[in-house]
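Undergrad: The following block contains the structure, expressed as structure tokens.
The values are calculated or read from the model by the stated rules, or taken from the named source; none is laboratory data. Treat the numbers as computed from the prediction; the structure is a model and nothing was measured. No Cβ is skipped: glycine too gets one built from the backbone with ideal geometry, and neighbour counts run over all protein chains shown.
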Amino acid sequence: MIHVEPQPEPKDFDEKVRSKGRRWLQKHAIDCTAPLPPGTKLYPYWQGCLQSLYENYGGTCAYLAIFFEISAGGGTVEHFVPKSLRPDLAYEWDNYRLACSPINSRKRDFTDVLDPFEVEDDWFYMDFVSGRIFPNPHLEAPLQERIQKTIIRLKLDCGAHREMRARHYQDYCEGRVTAEFLRRQSPFVWKEAERQKLL
């Protein structure tokens, strides 16, 4: 993960998402001061802003820090604060993070995952031989623990993701892609390569 800078709310967001969502909550007498009753499903008006979310955040998954093509159908609006716990935030732009589908399905309603808006660029380190990621060992122990919990919860260090990160850097080393392409396609790998002075 790397720091994600919050982007401004689209001009049509209130009309397309917030206003419709609030009316739906009122119509169905949802108590927004309490978690949703078990089995309650909110109407997914947030899907109406997926394209804007994708464009505003450059097509980069906020958690995995890789670019993905929305045309492949893998983009989702991820509610950082779970909508099941805070239905009042279900239709709020500031609570949305762009996420690829596998990451969103792993985060679910868990609250032990770091917020990409609050993560700093040097919190996650990478080994370029294996593609392994791990907490910056110079950070305070409690923060290292939170980083490790995030890695485990989202399976950011699974074999497939390790292979992907190592391959992205290898493609750069072997001249198949430029540093600029690496920056756009795999920004975490690019930032780590810069930090380690490997570019």
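Undergrad: Taking residue 99 as meeting all but one of (1) surrounded by fewer than 18 Cβ atoms within 10 Å (Cβ to Cβ); (2) touching a Phe, Trp or Tyr at 6+ places or on another chain (Cβ under 9 Å); (3) of a type in the set (Gly, Ala, Ser), write down the number of the exception.
TA: Going through the list (1) surrounded by fewer than 18 Cβ atoms within 10 Å (Cβ to Cβ); (2) touching a Phe, Trp or Tyr at 6+ places or on another chain (Cβ under 9 Å); (3) of a type in the set (Gly, Ala, Ser), residue 99 breaks only (1).
Undergrad: What are the residues in the range 140-199 that are of a type in the set (Ser, Thr, Tyr) and surrounded by 15 or more Cβ atoms within 10 Å (Cβ to Cβ), if any?
TA: Going through the range 140-199, the residues of a type in the set (Ser, Thr, Tyr) turn out to be 150, 169, 172, 178, 186.
Correct list: 150, 169, 172, 186.
Undergrad: Of 40, 60, which residue is among the polar types (S, T, N, Q) and modelled with pLDDT of 95 or more?
TA: Numbers: 40 fails: modelled with pLDDT of 95 or more.
Of 40, 60, the one residue that is among the polar types (S, T, N, Q) and modelled with pLDDT of 95 or more is 60.
Residue by residue, here is whether (1) out of contact with any Cys (no Cβ under 8 Å at 6 or more places or on another chain); (2) under 17 Å from residue 1 (Cα atoms); (3) at pLDDT 95 or above holds:
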position	(1), (2), (3)
68	no, yes, no
72	yes, no, no
94	yes, no, yes
113	yes, yes, yes
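Undergrad: Are any residues in the range 49-68 surrounded by fewer than 17 Cβ atoms within 10 Å (Cβ to Cβ) and either at negative phi or of a type in the set (D, E, K, R) (or both), and if so, which ones?
TA: The answer is 50, 51, 55, 67.
Undergrad: Residue 79 versus (1) free of Cβ contacts under 8 Å to residues at least 60 places away in the same chain; (2) more than 21 Å from residue 38 (Cα to Cα): which is the lone unmet condition?
TA: With respect to (1) free of Cβ contacts under 8 Å to residues at least 60 places away in the same chain; (2) more than 21 Å from residue 38 (Cα to Cα), residue 79 is out only on (2).
Undergrad: In the range 81-110, what count of residues is obtained for those that are out of contact with any Pro (no Cβ under 7 Å at 6 or more places or on another chain) and part of a loop (DSSP other than H, G, I, E, B)?
TA: The total comes to 9.
Undergrad: Any idea how many residues of the range 15-71 are in a helix (DSSP H, G or I), in contact (Cβ under 8 Å) with a residue 24 or more places away in the chain and under 30 Å from residue 165 (Cα atoms)?
TA: In the first step, residues of the range 15-71 are kept if they are in a helix (DSSP H, G or I); the result is 15-27, 45-56, 70-71.
In the following step, the residues that additionally are in contact (Cβ under 8 Å) with a residue 24 or more places away in the chain were identified as 16-18, 20-22, 25, 45-50, 52-54, 56.
Retained after the next criterion (residues that are under 30 Å from residue 165 (Cα atoms)): 47, 49-50, 52-54, 56.
Residues that pass the stated criteria total 7.
Undergrad: Of everything in the range 1-14, what is surrounded by 11 or more Cβ atoms within 10 Å (Cβ to Cβ), in a loop (DSSP other than H, G, I, E, B) and out of contact with any Lys or Arg (no Cβ under 7 Å at 6 or more places or on another chain)? Give them in sequence order. Lay out the reasoning, then the answer.
TA: Step one: list which residues in the range 1-14 are surrounded by 11 or more Cβ atoms within 10 Å (Cβ to Cβ), which gives 1-4, 6-7, 9-10, 12-14.
Those left that are additionally in a loop (DSSP other than H, G, I, E, B): 1-4, 6-7, 9-10, 12.
1, 3, 4, 6, 7, 9, 10, 12, listed by residue number.
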